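Each remark here refers to the structure printed beneath this line.
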Amino acid sequence: MDIVSFKKPDANAPTDEELVLTARTDTSGGAMQELLRRISPFIISKANSFGQTEQDRQDYYQEGIVGFLSAVHAYKHDSGTRFSTFACTCILNRMKNLLRQRSKGSEYQLLSLEQTQSTQDFQAGPEDEIQAAYDAENIIKAISQKLSPYEKQVLRMYLQGESYTAVAEKTGKTAKSVDNAMQRIRRKLKSEADS
């Protein structure tokens, strides 16, 4: 059973799995935007579940987007797993990692991961879908317009599972340069999520 089923607009719409394959080669961003539109209500719901303050929710939302992008690039069509299941796992893992990082510091109260809303209980309402479509469009624009060619290259390699060191070797830059690029990418995505 899937963790969550993303709503398709109609029976003739492409499946999530078809959209993933298209998104990897589609330079217009349409397939990625549709996938993000479908999954954004889930990301918003989980960010709201994990976050205690508005700033926390925005941070978790940003991590959810990074998890989603990672899922699109890492998904193996022939694995026998539905994309929605894989994407939700990637998104939740990113959010849980942020929770763990924050719980190491004393200023954040550790929340039980079991206390978060079950992903099987998630149902998007009409307002979530409208917000998701708007958010998806803005994030795709941010990725395509705000990131430099180097940042896009670094993000693509990172989402494919490359370490900072491996990205540095392949781009001819230092690991610190890659780290700086990732920090800029996060800031740009965060500023887009904040607006």
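The values are calculated or read from the model by the stated rules, or taken from the named source; none is laboratory data. Given the structure is predicted, the values throughout are model-derived calculations rather than measurements. Here Cβ is always computed from backbone atoms with ideal geometry, including for glycine, and neighbour counts include all displayed protein chains.
Here are the numbers for this structure:
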{"quantity": "Neighbours by Cβ (under 7 Å, 6+ apart or cross-chain): first from segment 137-166, closer than 19 Å to residue 74 by Cβ and at pLDDT below 80; second among the hydroxyl-bearing types (Ser, Thr, Tyr) and in a helix (DSSP H, G or I)", "calculated": "159/70"}
{"quantity": "Residue pairs meeting the criteria (Cβ under 8 Å; at least 6 apart or on separate chains; first on the phi > 0 side of the Ramachandran plot and in contact (Cβ under 8 Å) with a residue 12 or more places away in the chain, in segment 52-81; second loosely packed, with under 12 Cβ neighbours inside 10 Å and of a type in the set (Lys, Arg))", "calculated": "none"}
